[in-house]
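The values are calculated or read from the model by the stated rules, or taken from the named source; none is laboratory data. Everything numeric here is computed off the predicted structure, so don't read it as measured data. Backbone-built Cβ (ideal geometry, glycine too); neighbour counts: all protein chains shown. Only protein heavy atoms, including side chains, enter the accessible area calculation; ligands, DNA and RNA are left aside. Shrake-Rupley method; radii C 1.70, N 1.55, O 1.52, S 1.80 Å.
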Amino acid sequence: MKKITAWLTAGLLALAGCSGGDKGAGSPDEIPSETPAPTVEIVQDPTEPLKDFSLLFQPQTDSFSFENFQGGTAPADLTVNMSRRMYGDSQVCSDVTDNKCTPYPVILQLISQANKSMQGGLCEGLAVLSLRLANDPITLASFQQVDNVAALVKEDPALLSELAYWYVTQFATEVQAEASSYLEKHPAQLAEILLRDFEAAENGDPSTGYTIGIYSNEGGHAVTPYRVEEVEGGYRIYIYDSNWPN
């Protein structure tokens, strides 16, 4: 799961929470200032129809019906075993005896910081997991035997744990390295990336699976793009925003 970032990103656990105001635990003391976007001329052929591509994602059924909420406490929290799932025992455990992991001190620090960060909301987890479950009926049914994401009930420990897991993936080194590659791009260029990805998906190829990160001095938020429409002089991106369900 890759992340497009419109303006900026930072290091490990530097992304803000999912609600405005507080930067969220683990955020840098000083968020890098926004740099002017490069000038990009949008060239459209008037003889060609405007493009409009989308994923197989229906927000009425494929997004969560409950609102983004605060995590960081069980079961919506990062645990040692979840860290093992994400990074592997060799990076997490100084010793494993009878499947019991003795975590490295840096892992305990990671867990503490990640759980504090979740107190700002679990938007990244909601954005990513909704997209992953939308076309995976087997995994979806493994939670609550439902046939669409909107039918999932929030009060499910397994679901809450999974939301926390996908929230934390944004802090993985390889995810942040991928995100940083988009920092210098103009918003129109980001829209074109999504447009090409969604076009490929309509043609039967797998979508990369993007979330959009939005950052400012007031905080950060993640949303799920599922359709890009080319309009005169630009683009319109349709999103699922967990702060505004239904």
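To the nearest whole percent, what portion of all C-alpha pairs in region 25-182 is separated by more than 28 angstrom?
Pairs farther apart than 28 Å: 38 percent.
Ordering Glu184, Glu192 by accessible area with a probe of 1.4 Å, largest first, what comes out?
The ordering from most to least exposed comes out as Glu184, Glu192.
I'd like the distance separating the alpha-carbon centroids of region 219-243 and region 150-197, in whole Å.
About 13 Å separates the Cα centre of region 219-243 from the one of region 150-197.
Is region 194-241 best put as rounded, prolate or oblate by its Cα gyration tensor, with a ≥ b ≥ c the root eigenvalues, rounded for a/c under 1.5, and otherwise prolate when a/b is larger than b/c, oblate when not?
Here region 194-241 falls in the oblate category.
Scattering from the C-alpha atoms of region 114-206 alone, worked out with Debye: what is log10 I(q)/I(0) at q = 0.11, 0.22, 0.23 1/Å?
With one equal scatterer per Cα and no solvent, log10 I(q)/I(0) is -0.44, -1.18, -1.20.
Count the net charge of all other residues whose Cβ sits under 12 Å from the Cβ of Thr139, scoring Lys and Arg as +1 and Asp and Glu as -1.
Residues close to Thr139 contribute a combined charge of -1.
Report the local net charge at Asn99: Lys and Arg +1, Asp and Glu -1, summed over other residues whose C-beta lies under 10 Å from its C-beta.
Taking every other residue near Asn99 into account, the sum is 0.
How would Ser130, Ser112 line up by accessible area, probe 1.4 Å, largest first?
Solvent-accessible surface, decreasing: Ser112, Ser130.
Which value, in Å², gives the accessible area per residue of region 72-193 when a 1.4 Å probe is used on the protein heavy atoms?
Ligands and nucleic acids excluded, the result is 47 Å² per residue.
At 7 Å along the Cα-to-beta-carbon direction for both Ile42 and Glu178, put a label point, then send me their distance in nm to one decimal.
2.7
Over the Cα atoms of region 148-200, what Rg and Dmax result, in angstrom?
15.9, 40
Counting only protein heavy atoms and a 1.4 Å probe, tell me what percentage of region 146-214's accessible area is made up of carbon and sulfur.
Exposed carbon and sulfur together represent 50 percent of the surface.
Suppose we take every Cα in region 148-246 and form the convex hull; what volume per residue is that in Å³?
Expressed per residue, the convex hull around the Cα atoms of region 148-246 is 159 Å³.
Leaving ligands, DNA and RNA out of it, rank Ser63, Ser181, Ser90 by accessible area with a 1.4 Å probe, largest first.
Ser90, Ser181, Ser63
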